[in-house]
Amino acid sequence: MDMQKKTGKPLIGGHVSAAAGVYNAIANGEAIGATCIQIFGSSPRQWAVRMPSAADAKKFKELQAKSTIKKVFLHAPYLANIASPRASLRKISTVLLTKHLQITELLGAVGLIFHIGSGQEMPKAQAMAEAVKCMQEIIKGAPGQSYLIIENAAGGGKRLGALPADIGMMMKGVKSPRIKACIDTAHAFEAGIIMKYAPKEIKRFADELDKTIGLENIVALHANDSMTAAGSYHDRHENIGQGYIGLSGFKNLAKEKRLWDKAWLLEVPGFTGEGPDRKNVQILNSCFA
């Protein structure tokens with residue numbers, strides 16, 4: 001039986017460290033009370049990719065099977081830009097994302113969450129078309145079951161994917177059941193897609209996501225408060241209840257049961273500045289009480 005059906009609420013967790021052995025992420029997730037986690041499969045700041053050994057991948061899966069962690073997601077490096085007007089950058093970005101999707105498959109994780117990137121001076125339609133071609137290559141180069149998951153952008157710097165309709169259009173263009181989406185609550189707020197997490201606005205937002213992307217194609221939420229105001233286009237995360245979305249906003253969002261089958265992943269600074277922590281997990285859990 002799904003965890004959601006047992007508890008009546010989503011899987012909740014956050015981004016945790018996988019340093020000194022990818023399998024350490026399981027204990028790090030349990031330490032914050034998580035039932036789902038997000039990790040980097042290799043360095044997020046390097047083009048070079050270090051694949052986990054077969055032994056480490058086996059240990060990872062064995063530890064997860066005995067843990068409270070029901071779902072694992074990977075996040076791609078921030079360097080990748082498959083919408084770039086530079087063909088050379090699109091090419092190395094495609095190779096980078098392909099390798100990280102291969103790691104995702106090796107670990108038996110749900111999928112690889114990534115940002116499309118910026119088309120810069122290139123016309124938007126052309127940038128989206130180039131991104132679609134790159135995604136098709138990535139999936140082809142990393143066969144398996146793991147998803148390639150587009151994350152919505154905060155909207156600044158001509159980054160693609162801020163609009164749900166654009167995500168939906170690119171997903172349709174790739175024509176693969178392995179393309180899914182992740183919605184970041186802070187990014188949607190900062191991009192002005194939802195100006196306030198109030199009941200009517202949340203319903204309208206969820207309806208828009210369903211119409212453009214398909215709620216069934218959204219596999220995760222990045223549950224982040226925002227350090228900047230609605231429509232700021234500035235991507236700055238804050239601890240739950242400490243930002244402009246506020247605790248009331250997350251309590252309202254928790255009432256949207258159409259989002260309960262998604263993994264809710266925290267990417268917040270943490271109350272001690274060390275990233276997602278037990279206190280943030282507890283606060284987010286309390287929104288479902």
TODO: Take the residues in the range 134-164 that are polar (S, T, N, Q) and out of contact with any His (no Cβ under 8 Å at 6 or more places or on another chain), then tell me which one is nearest to Lys71 (Cα to Cα).
DONE: Ser146
- [ ] Evaluate the following for Val281: is it touching a helix residue (DSSP H, G or I) at 6+ places or on another chain (Cβ under 6 Å) and either assigned to a loop (DSSP other than H, G, I, E, B) or touching a residue at least 60 places away in the same chain (Cβ under 8 Å) (or both)?
- [x] no
TODO: Would you tally the residues in the range 188-221 being touching a Lys or Arg at 6+ places or on another chain (Cβ under 7 Å), buried (at least 18 other Cβ atoms within 10 Å of the Cβ) and part of a helix (DSSP H, G or I)?
DONE: 2
Open item on the list: Regarding the range 138-152, can at least one residue be identified that is over 28 Å from Ala55 (Cα atoms), within 20 Å of the chain's Cα centre (by Cα), surrounded by 20 or more Cβ atoms within 10 Å (Cβ to Cβ) and among the aliphatic types (A, V, I, L, M)?
Closed with: yes
Task: Meets criteria (in contact with a Lys or Arg (Cβ under 6 Å, 6 or more places away or on another chain), among the β-branched types (Val, Ile, Thr) and buried (at least 16 other Cβ atoms within 10 Å of the Cβ)) for Thr228 - done: yes
TODO: Can you tell me which residue among Lys61, Lys66, Lys70, Lys99 is within 18 Å of the chain's Cα centre (by Cα) and surrounded by fewer than 20 Cβ atoms within 10 Å (Cβ to Cβ)?
DONE: Lys70
Task: The lone exception for Pro52 - which of (1) under 20 Å from the mean Cα position of the chain (by Cα); (2) assigned to a loop (DSSP other than H, G, I, E, B); (3) surrounded by 14 or more Cβ atoms within 10 Å (Cβ to Cβ); (4) not small (Gly, Ala, Ser) it fails - done: (1)
Task: Residue within the range 78-95 that is more than 30 Å from Ala125 (Cβ to Cβ) and either among the β-branched types (Val, Ile, Thr) or without any contact (Cβ under 8 Å) to a residue 12 or more places away in the chain (or both) present - done: no
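Taken together, the values in this text are just the output of simple stated rules run on the coordinates, not laboratory data. Here the structure is a predicted model, which is why all the values come from computation and not from measurement. With ideal geometry, Cβ positions are generated from the backbone for all residues, glycine too; neighbour counts draw on all protein chains shown.
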